[in-house]
Amino acid sequence: MGWPAPIIGGMQLTIEDVRAAREVVRRHLPPTPMWSYPVLDATAGATVLVKHENTQPTGAFKVRGGLVLIAALDGRPTVTYSTGNHAQSMAYASSLVDAPCTVVMPAATTPAKVAAVEARGADIVLTGDTLAEAEEHAAALAASTGAYLVSPGDTPSLIAGVGTLYLEILEARPDLDAIVVPVGSGSGAAAATIVARALSPDCAVIGVQSAASPAAHDAWRSGSPATRPNRTRAEGLATGRSFDLTQRYLRAALTDFVLVTDDRIAEAQRLLAVQAHTLAEGAGAAPLAALLAHPTRFQGRQIAIVCTGGNASPHELTHLA
């Protein structure tokens, strides 16, 4: 059909690509707040700045990438696959320009997340037992219809878009010792490395993933693609395989990558609710979980943690009582 591929800056993104993406994002979204909370600081033994991406209109950071990608596609229909936040991002951005969007989700996806995507106007296909099966169906659907297949992890425009949140962090606080980023597909952590290397090379970027779904972590450690059992309760971290493009950036510049348990993530969710007045989904609480699991590493330092989203499912919330 002759549609252009929405690649920003080719396959090697730079800080200039992220700055260009900000021009798109700022037309639709204000910067999100970043605050510290004295009681949380005392608990963590560090100065903890919480970047509140849970305040986005879709409840999660991925909306930034969706806006940049859909702007580049100029109305072309898309097909993607997701368990929640990426789906809402694509639906939200597509609705702004009246572009067709189909999202393939595993059959057991939380009904509230399906409803949120449908409410944004996307077409939903529920199929398969896993995200991998949903991905296969999405690829077949895109091939048969000519729609553009959007990978949550292997799409440069998405990485450039989510990179805009790290511009906001490091332009406000270039003196940070570290940024701790949750990893599912890895788009956020990849973006963080691009921005940190350009604006604050001494700032560490540390990824964190659930030990119950460690594919990206294991791929980074081994240097090879990985597929792993996908058992985490934290739906935003529930990816059973690594993504080639994001791993390329992580291997080049990620400082470290740690695993935390789902129970530690639930503890961090409770602390954010009580001490930072913040409802965080599991992925959004994972960075705080990393601080709690490694207290001596972060003690006395200035750390930004990214609360990537607030779309906690009813299943997740049952573990917070």
### Message
Among the numbered criteria (1) assigned to a helix (DSSP H, G or I); (2) touching a Cys at 6+ places or on another chain (Cβ under 9 Å); (3) not assigned by TED's automatic domain parsing to the domain that holds A293, which one does V79 miss?
### Response
(1)
### Task
Check whether at least one residue in the range 157-168 is at pLDDT 95 or above, more than 13 Å from the chain's Cα centre (by Cα) and surrounded by fewer than 24 Cβ atoms within 10 Å (Cβ to Cβ), and report yes or no.
yes
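Residue-by-condition table, conditions (1) buried (at least 19 other Cβ atoms within 10 Å of the Cβ); (2) of a type outside the set (V, I, T); (3) touching a helix residue (DSSP H, G or I) at 6+ places or on another chain (Cβ under 9 Å); (4) not in a helix (DSSP H, G or I):
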position	(1), (2), (3), (4)
R19	no, yes, yes, no
P31	no, yes, yes, yes
V39	no, no, yes, no
V48	yes, no, yes, yes
K51	yes, yes, yes, yes
G66	yes, yes, yes, no
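Residues are listed down the side, and each one gets a yes or a no for (1) outside the structural domain of A99 (by TED's automatic domain parsing); (2) outside any helix (DSSP H, G or I); (3) out of contact with any Lys or Arg (no Cβ under 7 Å at 6 or more places or on another chain):
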residue: I124; (1), (2), (3): no, yes, yes
residue: A139; (1), (2), (3): no, no, yes
residue: A143; (1), (2), (3): no, no, yes
residue: G161; (1), (2), (3): yes, no, no
### Task
Return the pairs, sorted by first residue and then second, in which the second residue is in a strand (DSSP E or B), the first residue lies in the range 120-138 and is of a type in the set (K, R), the beta carbons are less than 9 Å apart, and the residues are 6+ apart or on different chains.
R120/C101
#### Entry: Selection status of A290, hydrophobic (A, V, I, L, M, F, W, C) and either closer than 21 Å to T83 by Cβ or crowded, with 21+ Cβ neighbours inside 10 Å (or both)
yes
### Test: residue in the range 41-48 that is in the same structural domain as H277 (by TED's automatic domain parsing), free of Cβ contacts under 8 Å to residues at least 60 places away in the same chain and out of contact with any Asp or Glu (no Cβ under 9 Å at 6 or more places or on another chain)
yes
### Message
Whether any residue in the range 274-290 is hydroxyl-bearing (S, T, Y) and either assigned to a strand (DSSP E or B) or over 18 Å from P214 (Cβ atoms) (or both) is what I want to check.
### Response
yes
### Query
Of all residues in the range 113-127, how many are surrounded by fewer than 19 Cβ atoms within 10 Å (Cβ to Cβ) and not aliphatic (A, V, I, L, M)?
4
### Long-range neighbours under 9 Å by Cβ, at least six apart or interchain, first residue touching a residue at least 24 places away in the same chain (Cβ under 8 Å) and part of a helix (DSSP H, G or I) within the range 305-320, second of a type in the set (S, T, N, Q) and crowded, with 21+ Cβ neighbours inside 10 Å
E316/Q269
### Query
Does V274 count as assigned by TED's automatic domain parsing to the domain that holds T47, over 20 Å from T83 (Cα atoms), of a type in the set (V, I, T) and more than 20 Å from the chain's Cα centre (by Cα)?
yes
### Message
Out of A273, A234, A290, I need the residue that is in contact with a helix residue (DSSP H, G or I) (Cβ under 6 Å, 6 or more places away or on another chain) and not hydroxyl-bearing (S, T, Y). Which one?
### Response
A234
### Query
What residue, among those in the range 194-226 that are farther than 28 Å from I15 by Cβ and in contact (Cβ under 8 Å) with a residue 40 or more places away in the chain, is surrounded by the fewest Cβ atoms within 10 Å (Cβ to Cβ)?
A211
### Message
Take the conditions assigned to a helix (DSSP H, G or I), modelled with pLDDT of 95 or more and surrounded by fewer than 22 Cβ atoms within 10 Å (Cβ to Cβ) and apply them to S95. Does it pass?
### Response
yes
### Query
Within the range 51-98, which residues are in contact with an Asp or Glu (Cβ under 8 Å, 6 or more places away or on another chain) and charged (D, E, K, R)?
K51
### From A72, A112, residue being outside the structural domain of R241 (by TED's automatic domain parsing), touching a residue at least 60 places away in the same chain (Cβ under 8 Å) and over 20 Å from S151 (Cα atoms)
A112
## Note on the structure
Of the residues in the range 277-298, those that are within 19 Å of the chain's Cα centre (by Cα) and charged (D, E, K, R) number 1
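The values are calculated or read from the model by the stated rules, or taken from the named source; none is laboratory data. Fair warning: this is a prediction, and the values are worked out from it, not measured in the lab. Cβ: placed from backbone, ideal geometry, glycine included. Neighbour counts: every protein chain shown.
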